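The values are calculated or read from the model by the stated rules, or taken from the named source; none is laboratory data. Bear in mind the structure is a predicted one, so any value in this text is a computation, not a measurement. Every residue, glycine as well, gets a Cβ built from its backbone with ideal geometry; the counts of neighbours run over all protein chains shown. We work out accessible area using only protein heavy atoms, side chains counted, and drop any ligands, DNA or RNA first. Shrake-Rupley method; radii C 1.70, N 1.55, O 1.52, S 1.80 Å.
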Amino acid sequence: MAETTPVPKGIADLLKKTGLLSDVQIKSFLEQKLESGSSITRRIVESGFAPEDAFLRAMAKVMGLPFVELKELTLEPAVAAKLPAKVVFQYNVVPIALDNGTLRVATSDPFSAGMLDALRLVSGLRIRMALSVSADIGKAINRFYGVGADVVERLIQDTIVDIPDEDPLGKVDLNELDQEASIVKFVNQVIWEAYKDRSTDIHFEPMEDELRIRYRIDGVLHQTSMPPQLKRFQASIISRIKVMANMDIAEKRLPQDGRIGMTVQGQDIDIRVSTMPTVYGESVSLRLLTRSAGLLGLDSIGMNPRDEETIRKLIQKPHGILLVTGPTGSGKSTTLYAGLSSINSVDKRILTVEEPIEYEVAGVNQIQVRPEIGLTFALGLRHILRQDPDVIMVGEIRDFETAEIAIRASLTGHLVFSTLHTNDAAGAITRLVDMGVEPFLVASSIEAIVAQRLVRVLCDQCKRTRVLEPGFLKSIRFPEAHFNTPIAEVGECEKCRRTGYLGRTGIYEILTMKDVIRPMILARDSARAIKQTAVRMGMRTLRDDGWDKVVRGITTVGEVLRVTEEEEA
């Protein structure tokens with residue numbers, strides 16, 4: 001049981017002078033017992049007496065201390081070196097300036113017992129406090145010291161020598177529990193930081209002189225600050241991940257796949273792990289899937305009202321195929337799940353075959369593909385047809401066998417949802433024909449094809465607008481009606497990690513199977529010809545939908561150009 005102490009009486013006067021707490025609140029706070037090492041600032045905030053920012057600003061005035069914003073802080077390496085990472089993480093402080101033998105340190109808890117003495121002892125300098133919000137201090141620590149720097153520093157101080165790659169695994173000293181615990185803590189810290197930053201992937205990439213760790217956030221890779229000494233512990237870190245994923249840690253010559261199940265802040269996280277041997281060691285990729293995350297509805301995935309109405313009509317049909325196309329990571333599964341959740345009801349039997357199951361949907365029977373035991377998409381789909389389904393979702397059409405079964409299922413009275421990897425909607429038609437499916441089957445079974453991409457959404461807090469040069473807009477075929485419209489551009493703030501973007505949304509191209517398109521499929525016309533006809537019939541291309549979102553201030557011209565191809569006209 002944690003040791004508790006009463007709140008020091010001298011703090012009452014300081015709290016009263018802030019003007020933020022009433023006498024009753026101060027009396028109530030003084031009667032509380034503090035656990036050893038507990039932060040008084042945190043208790044004030046958690047008790048609901050005052051927001052942290054307002055409390056620290058008021059306390060800075062009362063105590064005659066500066067309040068500092070750390071968002072724009074640049075820290076000299078020589079200043080950072082004055083405090084070891086272990087102490088910085090332990091007390092949640094960050095050095096901000098060094099002047100004539102005095103080290104200025106930002107803290108969110110000026111009442112921390114023994115903090116000043118500890119900092120004086122390790123630095124050999126006089127310490128002066130400044131106040132700042134704890135979350136900003138944490139971000140500054142990760143920025144200047146690196147994620148998990150305290151763990152790496154401890155490993156180095158303990159003079160633990162990492163195991164060379166070529167040493168037999170059996171020679172590991174199993175009594176080195178201290179090192180194991182530290183490596184476990186480091187890996188957990190990296191995953192936790194990635195989850196907090198909304199990352200979908202974590203990549204551990206061995207380089208010649210460093211172990212690079214990158215997060216994919218909103219579809220773009222960002223390198224994460226890491227301690228420079230991390231390379232020394234590369235083998236141990238990779239071995240720890242392989243243990244967590246139930247992989248063979250002795251096998252370092254062949255690629256491996258595995259899975260980790262974790263719970264972070266009550267969220268069940270399914271982590272798909274892949275290892276690949278490279279020149280400087282094994283490269284490890286982690287895909288984070290929040291399986292318990294709430295499903296998005298059709299009204300939340302970025303479709304304009306016209307497209308949303310089109311999809312809602314299509315998913316109410318009794319039979320036929322609805323295909324969603326796009327590259328990996330373009331949100332195809334999310335769109336299919338949004339459609340499924342819209343029609344999920346007691347009177348419909350819905351079955352899915354997926355790899356992996358990215359969302360768990362109540363009321364839907366979901367099957368996980370397991371190729372290692374022969375449970376493929378084709379086999380699962382064939383057996384699903386004996387389960388009396390009304391609606392079927394196939395995670396992906398990868399081969400002729402799966403495509404043929406899906407098409408025959410749609411022709412025998414089932415509504416089939418699936419995905420395909422093509423660049424645009426018309427390309428899905430020629431891809432199926434190239435797989436060996438007869439054109440008359442494609443023409444008679446497919447009801448619509450949705451091509452989609454994900455674009456990053458501008459951060460509301462820092463985005464700005466300006467009128468772009470007409471010559472440039474004309475060169476990219478931007479709608480002439482909006483040449484003089486102020487166009488949104490990226491800004492910079494801490495909320496969006498100084499990227500200017502926060503979150504993603506979809507842009508869509510919906511090709512419905514009109515009577516004029518079917519004869520073109522039977523005649524094996526090119527995807528380009530089919531697309532041109534569909535555009536003449538009113539289809540909006542991916543880029544058209546992207547320009548609409550640019551005009552509405554949702555995303556930028558650069559994002560739309562990044563994810564779409566130049567229109568062939």
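Miscellaneous remarks
- Among the conditions (1) touching a helix residue (DSSP H, G or I) at 6+ places or on another chain (Cβ under 6 Å); (2) without any contact (Cβ under 8 Å) to a residue 24 or more places away in the chain; (3) of a type in the set (Asp, Glu), the only one that GLU447 does not satisfy is (2).
- Of everything in segment 304-313 that is out of contact with any helix residue (DSSP H, G or I) (no Cβ under 7 Å at 6 or more places or on another chain) and under 27 Å from VAL551 (Cα atoms), the residue that is surrounded by the most Cβ atoms within 10 Å (Cβ to Cβ) is ASP307.
- Residues that are over 20 Å from ARG287 (Cβ atoms), open to solvent by less than 10 Å² (accessible area, probe 1.4 Å) and not hydroxyl-bearing (Ser, Thr, Tyr), drawn from segment 314-335: ILE315, GLY320, ILE321, LEU323
- Residue match in segment 361-373 (condition: more than 20 Å from VAL450 (Cβ to Cβ), among the small types (Gly, Ala, Ser) and open to solvent by 50 Å² or more (accessible area, probe 1.4 Å)): yes
- Within segment 471-499, residues that are modelled with pLDDT of 90 or more have Cβ atoms under 7 Å from residues that are of a type in the set (Lys, Arg) and not in a loop (DSSP other than H, G, I, E, B) in these pairs: PRO486/ARG466; ILE487/ARG466; GLU489/ARG464; GLU489/ARG466, counting only partners at least 6 apart in sequence or on another chain.
- Figure legend. Inter-residue proximity from segment 99-119: first residues of a type in the set (D, E, K, R), second residues modelled with pLDDT under 85 and buried (at least 17 other Cβ atoms within 10 Å of the Cβ), beta-carbon distance below 6 Å, spacing 6+ or different chains. Indicated pairs: ASP109/SER39; ASP109/THR41.
- Selection of segment 348-357 for residues being open to solvent by less than 50 Å² (accessible area, probe 1.4 Å) and in a loop (DSSP other than H, G, I, E, B) yields PRO356, ILE357.
- Within segment 504-544, restricting attention to residues that are among the hydroxyl-bearing types (Ser, Thr, Tyr) and closer than 24 Å to LEU298 by Cα, the residue that is surrounded by the most Cβ atoms within 10 Å (Cβ to Cβ) is TYR508.
- Identification of strands (runs of 3 or more DSSP E) wholly contained in segment 238-347 with 1 or more residues that are under 23 Å from ILE392 (Cα atoms) yields 281-290, 320-325.
- Within segment 176-229, strands (runs of 3 or more DSSP E) holding 1 or more residues that are at pLDDT below 90, farther than 24 Å from THR290 by Cβ and hydroxyl-bearing (Ser, Thr, Tyr): none
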